[in-house]
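Reading through the structure tokens given below for one structure.
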Amino acid sequence: MAASCVTAEGGLDLSPPRRRGPRAWLSIASGAAAVAGGVFSAVVWPGWAISVIFEQEALQSGVRTVLVEDYELTVTADMQ
């Protein structure tokens, strides 16, 4: 947050801005490392972030529907 440039007496405050200390930079760096680690692990091990579970019968029914209606194929065997 930026400090006001006007002093209580109405003059301009020309002092240099306050710098962050090592504790602030350590907090910023650790937060950035945590975010980068989360993004990296979501890419490397995507199953923990989003898991998709298909029901086998619904999936087979959908495949059968696409084969028959879209590709106009005849499906005679049970798909197991």
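The values are calculated or read from the model by the stated rules, or taken from the named source; none is laboratory data. Since this is a predicted model, take the numbers as computed values, not measurements. Methodologically, a virtual Cβ is constructed for each residue, glycine included, from the backbone with ideal geometry; neighbour enumeration extends over all protein chains shown. Keep in mind that these areas ignore ligands, DNA and RNA; they rest on the heavy atoms of the full protein, side chains included. Shrake-Rupley method; radii C 1.70, N 1.55, O 1.52, S 1.80 Å.
When the residues of the stretch 70-80 are filtered to those that are in a loop (DSSP other than H, G, I, E, B) and open to solvent by 100 Å² or more (accessible area, probe 1.4 Å), the one that is modelled with the lowest pLDDT is GLN80.
Restricting attention to the stretch 13-27, the residues that are part of a loop (DSSP other than H, G, I, E, B) and aliphatic (A, V, I, L, M) total 1. Within the stretch 7-53, track down each residue that is of a type in the set (Val, Ile, Thr) and either at pLDDT 70 or above or surrounded by fewer than 10 Cβ atoms within 10 Å (Cβ to Cβ) (or both). ILE28, VAL35, VAL39, VAL43, VAL44, ILE50, VAL52, ILE53 - these are the residues of the stretch 7-53 that are of a type in the set (Val, Ile, Thr) and either at pLDDT 70 or above or surrounded by fewer than 10 Cβ atoms within 10 Å (Cβ to Cβ) (or both).
Restricting attention to the stretch 28-69, the residues that are among the aliphatic types (A, V, I, L, M), within 17 Å of the chain's Cα centre (by Cα) and outside any loop (DSSP other than H, G, I, E, B) add up to 9.
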